[in-house]
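> Pasting a structure below so you can have a look.
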Amino acid sequence: MSIILFGLKAVGKTTVGSLLADALSRPFDDVDRLIEVAYASKSSRCLTFSDIYQREGKEVYRALEREVILAWQSADAVLSVGGSSLLDDDSYTYLKQQGQLIYLQLSFDCWRERVLRLNPPAYFLRETEQERALRDYYQRRDPVYSSRADLVLLVDRLSPQQVCAQLQSA
C-alpha cells in the first residue's frame, strides 16, 4: 500500500515525502514533477508546474493533474499531491484505492506565515485583500481535506524530519 501525502501549498509535502521514502526505502513520486514531465512530452516545452498553471490556465492544469494521477501506478511508494487533487472525485477515489491518504495540516496562522514568507500564489497577491483571501481559501479547503484523509497530522512548527518520524510511528 502506498502513502499519499497531501495538503495546502507550502506545507512541505515534497520535502517530507522524499525524506519518508528514503527512510522506508520506497520510491518517491511528486505529482507536480509528473505534471512537468507530462507537459514536456506533449508540448516539447519544459516548464515548472507553476509556469504551466500561469501560462495554460487552471482548466488545462487541472486536466493534466487528473491525467497523471489516474495514470500513476506504483505499489508501496510515497506520493505527494497538491490538495486540489483531492477535490476531484475521480482523482480522490483512485488515490484512495492506491493507499493511505495523509493530510499534512497546518493551522491557519502557520500556513499564512509560510505562504507569505515563501512565494504566494498570484491569486493571493493583492495586499488589501490578501488576509481575507487566504482565510477564505483555508476555511474552504481544510474541512474537505480533513474529511478525505485517512490520517490528519498537524505539522505546525515541526521540522520535516520530525514530521517524517511521526509518520513512521503512526
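The values are calculated or read from the model by the stated rules, or taken from the named source; none is laboratory data. What you see is a predicted model, and the numbers here were worked out from it, not measured in a lab. FYI the Cβ positions are ideal-geometry reconstructions off the backbone, even for glycines, and counts take in every protein chain you see. Remember, those area values only see protein heavy atoms, side chains included, never the ligands or the DNA or RNA. Shrake-Rupley method; radii C 1.70, N 1.55, O 1.52, S 1.80 Å.
> Would you mind getting the accessible area per residue of the chain, heavy atoms of the protein chains only, 1.4 Å probe, in Å²?
Accessible area per residue: 53 Å².
> Three principal axis extents, largest first, for the C-alpha atoms of the chain, in Å?
Over the chain, Cα extents along the principal axes are 45, 40, 26 Å.
> For the range 14-58, state which trypsin sites (Lys or Arg not before Pro) are in a DSSP loop and have at most 15 other beta carbons lying within 10 Å of their beta carbon.
45
> To the nearest 0.05, what FRET efficiency results for residue 131 and residue 157 with a Förster distance of 22 Å applied to their C-beta separation?
Using R0 = 22 Å, I get an efficiency of 0.55.
> Right, another one. Please give the FRET efficiency for residue 56 paired with residue 144, using the beta carbon to beta carbon distance and R0 = 22 Å, rounded to the nearest 0.05.
0.35
> Subtracting the Cα-Cα distance from 0.36 nm times the residue separation, let me have the gained length for residue 166 to residue 114 in nm, one decimal.
16.6 nm
> With a 1.4 Å probe and every protein chain kept in, tell me what percent of the accessible surface of the range 1-158 is carbon plus sulfur.
49 percent
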